[in-house]
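The values are calculated or read from the model by the stated rules, or taken from the named source; none is laboratory data. Since this is a predicted model, take the numbers as computed values, not measurements. Note that each Cβ is placed from the backbone with ideal geometry, even for glycine, and that neighbours are counted across all protein chains shown.
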């Protein structure tokens, strides 16, 4: 609203500018230069005021765009975080990165330019027409007729711009996804001798993006040209209709008032068509917004039901009940889990075994809340997790997988990622409990040693201990361990399992694993086979 109000104020000031300038020129052309100074001074003051108004309009427009993009980006990030890794099964990570960065950034023009322009393109010409008609009815009729031609041309070119913009965004998204994939697999590409082939493929994708971008610009230039043609026609028509007043140099004795009225219509012609030009430029922003909205429609927050009962965050553990649970990743592939009925007492340890593909990881994802059962329900302390927000579920669960995700940064930062507000004493306790203190002194800067992305510079066992330290800091009542020692040697596996036994005290634990050491972790053993629980044994 401030942008629109400032735009309307600028239009009113432009009318005053045009009139004072027309009066000054008329006085000068008729030999009355001395009386032109008051008009010139008023014109200068109006120029200064309009400059301030235009600066304020730009500032308000920029702030509106920044605030709107910030709200949308936070909403999208919250949606992605709450849905979790399940989102990656239907959206490429490169597409998600493009959506959250480029496509939302492209919405800046929609909020800061298109929305105000969609109102001002009608309001400002109407104000200017009224001002011109008050002093020069013929010029106002010419402007009205020429202005009526512009929306027709804009509609024709706007359809083409929307299609071209959508195709351009699609090409950019494909290029980004392909580039990200190739960067991730660069070692495989080099070893396979496919570097030249992949470079050519990326070049073709970049060429397609260039062509589609030029197509968008071509349509935009045609749209702008249509407005220029209408404005030139309006100027010529006004000159013809006002020729008797404008031929002052022919010595026809035209009165200053008549000359001022004719010049007034001419000077406001560009101001009359300026909102149409702004709308044409902003229409590209609208086309970008439509393409971005199409990509984001499946990522908006679905709205989660509030927690019906508080869940414990630490202490006695969490009671779990899976009641007649079925789950299928795809309808044509059958059920990954069938008729699962499991009850796990608070503080109990359960070991899931079974061949690869038997459904262990799927069951883990159900407990993590990343996916929902196709049928049946899962209860945490008697509360259906379907009635809990993903944030509440995640706060009650600590998870350690086969390969912990470590970020580029210090070891301290990677451990504190679980709870940045943890005190130094809590950090030291987690480090000691995970046995990180056994090797941290050998590192050049201790906990402040910088590790690369993915834990580069650390062994598999050291990276896993950082994951264990994170779980200590989080102190959640439910601990999910998805084959945490799958890629470790027997000696390191034994050390990691020893640290996990300490971590498991007082918590409910679900552990997936294949090795004998995992089966001997201690607790009830459940064996899965093709999505069924086929064997249950007591504590080992």
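Screening residue 486 on (1) more than 26 Å from residue 425 (Cα to Cα); (2) under 35 Å from the mean Cα position of the chain (by Cα) shows it passes everything except condition (2).
Looking for something within 21 Å of residue 398 (Cβ to Cβ), without any contact (Cβ under 8 Å) to a residue 24 or more places away in the chain and surrounded by fewer than 20 Cβ atoms within 10 Å (Cβ to Cβ) - is there at least one such residue anywhere in the range 500-509?
Taking every residue of the range 500-509 in turn, at least one turns out to be within 21 Å of residue 398 (Cβ to Cβ), without any contact (Cβ under 8 Å) to a residue 24 or more places away in the chain and surrounded by fewer than 20 Cβ atoms within 10 Å (Cβ to Cβ).
Given the structure, is residue 429 surrounded by fewer than 18 Cβ atoms within 10 Å (Cβ to Cβ), assigned to a helix (DSSP H, G or I) and in the same structural domain as residue 474 (by TED's automatic domain parsing)? Here the answer is yes, as residue 429 does meet what is asked.
Screening residue 479 on (1) out of contact with any helix residue (DSSP H, G or I) (no Cβ under 7 Å at 6 or more places or on another chain); (2) at pLDDT 85 or above shows it passes everything except condition (1).
There is no residue in the range 326-340 that is modelled with pLDDT under 85, part of a helix (DSSP H, G or I) and surrounded by 14 or more Cβ atoms within 10 Å (Cβ to Cβ). Residues of the range 3-59 being in contact (Cβ under 8 Å) with a residue 60 or more places away in the chain, within 34 Å of the chain's Cα centre (by Cα) and over 18 Å from residue 128 (Cβ atoms), which ones? If the condition is that a residue be in contact (Cβ under 8 Å) with a residue 60 or more places away in the chain, within 34 Å of the chain's Cα centre (by Cα) and over 18 Å from residue 128 (Cβ atoms), then 3 is the only one that fits. Whether any residue in the range 381-398 is more than 30 Å from the chain's Cα centre (by Cα), assigned to a loop (DSSP other than H, G, I, E, B) and over 30 Å from residue 494 (Cβ atoms) is what I want to check. Looking through the range 381-398, at least one residue is more than 30 Å from the chain's Cα centre (by Cα), assigned to a loop (DSSP other than H, G, I, E, B) and over 30 Å from residue 494 (Cβ atoms). Here residue 346 meets the list (1) in contact with a strand residue (DSSP E or B) (Cβ under 9 Å, 6 or more places away or on another chain); (2) assigned to a helix (DSSP H, G or I) almost entirely, failing just condition (2).
Can you find a residue that is surrounded by fewer than 15 Cβ atoms within 10 Å (Cβ to Cβ), in the same structural domain as residue 520 (by TED's automatic domain parsing) and not in a helix (DSSP H, G or I) anywhere in the range 358-367? Taking every residue of the range 358-367 in turn, none turns out to be surrounded by fewer than 15 Cβ atoms within 10 Å (Cβ to Cβ), in the same structural domain as residue 520 (by TED's automatic domain parsing) and not in a helix (DSSP H, G or I).
Does the range 9-46 hold any residues that are within 24 Å of residue 276 (Cα to Cα) and either in contact with a strand residue (DSSP E or B) (Cβ under 6 Å, 6 or more places away or on another chain) or exposed (fewer than 14 other Cβ atoms within 10 Å of the Cβ) (or both), and which are they?
none
From the list 149, 122, which residue is farther than 30 Å from residue 397 by Cα, modelled with pLDDT under 80 and assigned to a helix (DSSP H, G or I)? One residue alone meets the criteria, 149. Is it fair to say residue 535 is modelled with pLDDT of 85 or more and outside any helix (DSSP H, G or I)? In short, no. If you go through the range 179-198 and keep only what is part of a helix (DSSP H, G or I), at pLDDT 80 or above and touching a helix residue (DSSP H, G or I) at 6+ places or on another chain (Cβ under 9 Å), you end up with 179, 182, 186, 189, 195, 197, 198.
One residue alone among 454, 461, 494 is assigned by TED's automatic domain parsing to the domain that holds residue 406, assigned to a helix (DSSP H, G or I) and at pLDDT below 80, and that residue is 454. Does residue 469 meet the test of being in contact (Cβ under 8 Å) with a residue 40 or more places away in the chain, out of contact with any strand residue (DSSP E or B) (no Cβ under 9 Å at 6 or more places or on another chain), on the phi > 0 side of the Ramachandran plot and assigned by TED's automatic domain parsing to the domain that holds residue 379? Judged against the criteria, residue 469 is not a match. Scanning the range 47-61 for residues that are farther than 23 Å from residue 260 by Cα and surrounded by 14 or more Cβ atoms within 10 Å (Cβ to Cβ) returns 53, 54, 56, 57, 60, 61.
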